[in-house]
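The block underneath contains the structure these notes are about, expressed in structure tokens.
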Amino acid sequence: MKIRLLAGILVLGLSAVGCGGATVDTSTTSSAPAAGSSASAEPAGTVKIAINPWVGYEASAHVVAYLLRNELGYNVELPEIKEQLSWEGFETGDVDVIIENWGHPDLKEQFIEQKKVAVEAGSTGNKGVIGWYIPKWMADEHPDITDSKNLNKYADLFKTSESGDKGQLLFGDPSYVSNEEALIKNLKLNYKVVVGGSEAALIKSAQQAQAQKKPLLFYFWDPHWLFSQTELIRVNLPPYTEGCDADPKKVACDYPEMDLDKIVSKKFADTGGKAYELVKNFNWTNEDQNAVADDMTNKGMSGEEAAKKWVEANTAKWQAWIPK
Amino acid sequence: MGDSPDSAAITVEGLWKIFGSGAQKVLAGDDRNLDPVALREKTGCTAAVRDVSFEVRPGEVFVVMGLSGSGKSTLVRCLTRLIEPSAGEVRIDGEDVRAASPARLREIRRHQVSMVFQHFGLLPHRKVIDNVAYGLEIQGVPRQERHARAAEILSLVGLDGYAGSFPDQLSGGMQQRVGLARALAVDPQVMLFDEPFSALDPLIRRDMQAEVIRLHREVGKTMVFITHDLSEALKLGERIAIMRAGAIVQLGTAEELVGAPADDYVADFVRDVPRSHVLTLRWICRAPEPGDPLDGPELPAATPVKDAVAVASASSLPIKVVADGELAGVVDRDDLLAFLAGQDPHSVRANA
Amino acid sequence: MSSTTVSASSGFRLPRWAIPAGATIGFVAAYVIFRGTATLPHDDEAPQFLAVTDLREWIDDHRNDNPFFLYFLNYIRLGVGALHTLFQTVLYALGWPGITGVMGALAWLAGGWRTGLLALAGVSAFGVLGLWQSSVDTLALVGVAVLLSLVIGIPVGVWAGLSARVRRTVTPVLDVMQIMPTFAYLAPLALFFHIGAPAGAIATMIYAIPPAIRITALAVAQVSPTAVEASTSLGATRWQTLFKVHLPLARSTMALAVNQTIMMALSMVVIANLISAPGLGGDIIRGLSRAQVGIMLPAGVAIVVMAVVLDRMTLATARKDPRARTRRTDLAVAGALAAAGLALIPVLPAVWPENVTIDVVAPVNDAVRWAEENWYAVTTGIKDVTTYALLNPLESLLTSAPWWLVALAALILAWRVSGVRAALTALACLLAIALLGVWEHTMQTLTTVTVAVLVTLVIGLLLGVAAARAPRFSAIQRPLLDAAQTMPAFVYLLPALALFGTTRFTAIFASVIYAVPPVVRLVEDGIKGVPPTVVEAAVAAGSTPGQLLWKVQLPMARRAILLAANQGIVMTLAMVVIGGLVGAGALGYDVVSGFSQRTDFGMGFVAGVATVLLGVMLDRITQGADRRTSPRKRKMS
């Protein structure tokens, strides 16, 4: 039976790709049948935008998805895939678009330069920066705490049940860009990275820390709507200089400010037509993104609703993205 | 092969079955002569059948009797190689079964020998008629034909009207009738019965025994019947082999077993058998002594002793025991009383 | 004659507790002296990890030019992918009217009107929950995985059922597969089959195969030997006997194999989302990464509904009297349902209309927020007490003790409970873990597992004893246990996350509620299994209920209780590892991290292997329960 099954699979595979052996990108999954949200109009095609797990990203993805659906008649899938896996998705056909990429020079090297399965599709217009933050009341009480050299002095403040006898540095989703372990080691900080597991855990802890005056040191990033609601102070790590983060094991400097950009699969760039044009043209400000993200997180709107609200209010902006 | 000089239906010679790895080594060496416990201690093997030989005549009911663990069920399975014998010879209708190819063996099982099992072995998902027709079905007999044949057999075993039932809707006795019918349906020359009635209630068991006797009369098959019940053996068996620890300790007619047990084991076995029911006058008659009046009543030698009592009480003269028209001996009241009282001066003759 | 036999030669007899007490003192002394030496601290850059990461890089680079991939693995991936696409296409083409109608018809045929209506309601629930698309994706993935599992599992199972030798070969493999935590499957699969739906289907398939094989083998082996013999004695060939006797007689048990395979597949299919398989898992992971129970709950409910519908359908098929003809009315209704569903395909939209969905996200989130705020004192109290009183001391004990001391303790414990062979296996597992470079994280996971198992056993014993003694309580509890055991493991993360946020305690809480039902059941059955005559005798001798319990029922149910402990440990481990997603850290987090960060792939892979080793070790230490009634008994013989 097994042999017959294998033979069957082999025949299937052979007939699918001819006789040259099967490569990963000949996968059939990239052409999943269209679910057809509107039974009437035949969709122009399917675009798969990976959803990375932070709300700012989702805001961008939902606005683009909304326009693709309603202005260009595409069918859009939004698979939940983490940052680095999304890049692999370019190769397997599971992902067409990463709408907000934070740096990742190594992945660009591998997937754009070497494997040639992805291409850059320009800036999103957002400026991004990662850093370590504390609630404002801590900076008020201990003015020198904002210098990373003094962090060890305050390690006791940050102890929790999860960090044992060290200070706690709260981290987010396991998939986030991270130099934390290396920083702690190389700056000889008496801290332990504790993984909150999600953006939401970070937000909740930050809000509680400021409201209830609880000590907290945590990983966070800008653009983020939280800054307009809760006062947070960034801890100064040794300043970023060009190339100081080249070796991930030896990093001892702060994160650089990044131009966030879009990455699309080579296939999508070649055959995506108007959808690709729209993705390429997409460009907005941190304020735009924060507004949509805020609606999604705090106003109880779904991604689609928040996108719709922004689109209706900002016609001029998105009109410029629509390909002629 | 078919024209071998012996006309036996089944011939078994020097048959061995040893379970466990290294059976061949045991057979080749002296270990084969160890008693079962010692053998198991030494080699880990179990000798279930040890050097068994016998012949079954065509049309005979041959009973193998023994307690559980005596190897009788293994023995019967060795006959059609449901269990592969370790050594020895089995011939059915002159054909060497052990040399048969798998295909030939299937042919033997399909057409020559069929079997009835202690736990029936019916297929619960099939109707009675399809159970009976099963043997024909695997032979490739067309449906209509095999159903006709099965219906015929069903009425032979008294199950008219149950063709459409499922086995679990029948009583135990009726289920075994189905088993019997299934074995009969393929019209074999030999039928093997592996303790077929031991799972049944005593009353039903008696009915079924009568049924077997009746069938044997009607269809005249050769039968090998395994049982652990002595009374069943005595009732059915023309000849009986008693097995103990894998070997046959005595083989003979019911009379021979009861009248002349080969050893204490058999004697112990048959002790509670009402001897007057089994033994015939042949066993207790003596040569007429001078002075014995020879004008008394005359009885055939095959008369059970108990039936002679009434005659003896009616006449004070010694009874003349006649076999094949000739005088075989005489029995008088004293002889009968001594026999019934358990003194059996004549049993010394058993070694004859 | 018990444990003291060891020292009996010295001429005087020690009390029974002396040796364990002495051993304990010895270990405490050794710990105090050697504490902090020979520890194996965790290093993210351990060469073992880097080697695996390099291997992955190499595979990634050569996936499309190495012949083994080009001509073998990629074809499997492709074939499974094609099958998945086929399932998806069919399901999408049916649309919701078609799927609802066909499922309803099948369920009606399988189990009559109750099951039929349940299926109709269940399938509609996917739509009402607003999860139509994800549910159909999940259904397609489960369909592919179950189909493949059965295509492979049933023949292997039949073979194993027929041949004792095959069974002996297959059983240990299945044993290991079944104690393997679900997470451990993912990394190797991603390595060989990349990510996406095909890899997810294969992972699910591998996870779901063991019950298919095991139960099929059991079903075939259980077939009445007389029936088989009767068939052989009539001259049937092996194939004739197989098809006319074995398979028909094994049929209803084999339907249970299908049932179990589906259940296993459903619990794995969610986790497969971590390697980008589509479906409801995505919604649950999304909820996890947003910490929004409101997103997770509907997806969790949909999974449970799917499990219940498929469970009832297959169970009904299994229990159905194979001889009973389907009644004409049932046929008619089923036909009408299917026809109506199919006829409505062109009329109704293929996707569930959005205006008939209920949006529970906001209200659930609000409820959770309310619970968080109002129960904060209680939940934090429980969490902190457990963490400070149990978790942290035990963790620092295990991580600061020399590795050889821990290994020695495991060896002696396993030896005492399960004998020499088990002890050596356990030791080998621990040494392998040490060599793999994940000692510290394994000790942390072990800590969490130990605490969770203790809590599970305490609760399980209490509920089990209560159920055994109060039939009414048992009657209420049984259906709840049944329902709990139908739910995929993932669902248990929800309430845990809602109440405790992301901490190690969350994983403990989730694994406790996951593992308690089978433990309760085993304990209850064990106590009820004490022969009534023994109980009667004890009562007649004037035992109080307490004496009856302590002196008769619990000791006699010892075997069942130890088996419960074994089960509890295996299940707890699986859940604690999944708990890596909600803050359990250690090995589970390493696995998650291995999927999220390419540089950590090696660590994640190795951590997956370590969870398997840890599982085997814990199983071996406690498996003695399974094999013999009492550890003393064997020494006496």
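Quarter the surface of the alpha carbon convex hull of chain A and you get the mean projected area, 21.4 square nanometres. Run a plain Debye calculation on the stretch B:275-351 (Cα atoms as equal point scatterers, no solvent) and give log10 I(q)/I(0) at q = 0.12, 0.20, 0.26, 0.28 Å⁻¹, rounded to two decimals, same order as the q list. Values, matching the q order: -0.27, -0.79, -1.38, -1.58. Checked against a 21 Å cut-off, the cross-linked pairs A:Lys127/A:Lys317; C:Lys528/C:Lys551; A:Lys153/A:Lys249; A:Lys127/A:Lys149; A:Lys188/A:Lys214; A:Lys159/A:Lys188 give Cα-Cα distances beyond that limit for A:Lys153/A:Lys249; A:Lys127/A:Lys149; A:Lys188/A:Lys214. Relative to the longest principal axis of the Cα atoms of chain C, helix C:247-271 runs at roughly 80 degrees. To the nearest ten degrees, helix C:471-486 and the longest principal axis of the Cα atoms of chain C are 70 degrees apart. For the stretch A:129-235, the alpha carbon convex hull comes to 95 Å³ per residue, rounded to a whole number. Considering every alpha-carbon pair of the stretch A:166-324, the percent of pairs per 5 Å bin, from zero through the bin containing the longest distance, is 1, 7, 12, 15, 17, 15, 12, 10, 6, 3, 1, 0.
By the Cα gyration tensor, chain C has an equivalent ellipsoid whose semi-axes, rounded to whole angstrom, run 41, 32, 27 from largest to smallest. Multiplying the residue separation of C:Thr326 and C:Ala540 by 0.36 nm and removing their Cα-Cα distance gives an extension gain of 71.8 nm. Accessible surface area normalised per residue over the stretch C:180-316 is 24 Å², counting heavy atoms of protein chains with a 1.4 Å rolling probe. Within a straight-line Cα-Cα reach of under 18 Å, A:Lys299 can be paired with the following lysines, leaving aside sequence neighbours fewer than 8 residues apart in one chain: A:Lys204, A:Lys308, A:Lys309. When chains C and A come together, the accessible area they lose, probed at 1.4 Å and totalled over both chains, is close to 5100 Å². Across peptide A:79-91, the average count of Cβ atoms from other chains found within 10 Å of a residue's Cβ is 6. Surface composition of chain A: carbon and sulfur atoms hold 52% of the protein heavy-atom accessible area at a 1.4 Å probe.
For a straight C-alpha distance cut-off of 21 angstrom, the lysines reachable from A:Lys266 (same-chain residues fewer than eight places away being disregarded) are A:Lys48, A:Lys82, A:Lys108, A:Lys115, A:Lys116, A:Lys274, A:Lys280. Measuring nothing but protein heavy atoms, the accessible surface of the stretch C:496-637 at 1.4 Å probe radius is 63 percent carbon and sulfur.
Residues whose amide H lies under 5 Å from that of B:Phe193, counting only those 5 or more places away or on a different chain, are B:Val116, B:Val224, B:Phe225, B:Ile226; hydrogens are built 1.01 Å from N in the peptide plane. Straight-line cross-link partners of B:Lys306 among the lysines, defined as a Cα under 19 Å from its Cα and at least 8 positions apart when in the same chain: B:Lys235, B:Lys320.
Result for chain B in a Gaussian network model with C-alpha springs under 10 Å: among B:Val305, B:Val90, B:Val61, the largest mean-square fluctuation is at B:Val305. Restricted to Cα atoms, the protein assembly as shown shows a radius of gyration and a Dmax of 40.3, 148 angstrom. The alpha-carbon atoms of the stretch C:55-149 define a convex hull whose volume equals 129 cubic angstrom per residue.
Calculated FRET efficiency, B:Ala314 to B:Leu203, Cβ-Cβ distance, R0 = 41 Å: about 0.75 to the nearest 0.05. Across the stretch A:250-287, the residues whose backbone nitrogen lies under 15 Å from the label position 7 Å along the beta-carbon direction of A:Lys116 are A:266-270. According to the Cα-based calculation, Rg over Rh for the stretch B:12-111 is 0.99, with Rh computed by the Kirkwood formula. Which percent of the accessible heavy-atom area of the stretch C:79-353 goes to carbon and sulfur, probe 1.4 angstrom? Whole-percent figure for carbon plus sulfur exposure: 70.
For the chain pair B and C, buried accessible area totals roughly 1900 Å², probe 1.4 Å, rounded to the nearest 100.
Protein heavy-atom accessible surface, 1.4 Å probe, per residue over chain A: 42 Å². The simple spin-label model puts a point 7 Å past each Cα toward its Cβ; for A:Lys127 and B:Ala247 those points are separated by 10.6 nm. Per residue, chain B exposes 45 Å² of solvent-accessible protein surface, assessed with a 1.4 angstrom probe and all protein chains in place. Per the Debye formula with a single identical scatterer at each Cα and no solvent contribution, what log10 I(q)/I(0) holds for chain B at q = 0.07, 0.12 Å⁻¹? Cα-only, vacuum Debye calculation for chain B: -0.38, -0.96. Relative to the longest principal axis of the Cα atoms of chain A, the long axis of helix A:55-70 lies at roughly 30 degrees. As a calculated quantity, the FRET efficiency between B:Ala210 and C:Thr171 at R0 = 56 Å, using C-beta atoms, amounts to about 0.70.
Multiplying the residue separation of A:Asp156 and A:Ile322 by 0.36 nm and subtracting their alpha-carbon distance yields 54.3 nm.
Here C:Ala21 and C:Asn374 are evaluated by their C-beta separation; at R0 = 51 Å the FRET efficiency comes out at 0.65. When its C-alpha radius of gyration is set against 2.2 N^0.38 Å (N residues), the stretch C:515-612 gives a value of 1.69. Dipole check for chain C: with +1 at the C-beta of Lys and Arg, -1 at the C-beta of Asp and Glu, and the Cα centre as origin, the magnitude is about 3000 Debye.
The values are calculated or read from the model by the stated rules, or taken from the named source; none is laboratory data. Small disclaimer: the values here were computed from a predicted structure and weren't measured. Counting neighbours? That spans all protein chains shown, and the Cβs are built from the backbone with ideal geometry, glycine included. Just so you know, the surface numbers come from the protein's heavy atoms only, side chains and all, with ligands and any DNA or RNA stripped out. Shrake-Rupley method; radii C 1.70, N 1.55, O 1.52, S 1.80 Å.
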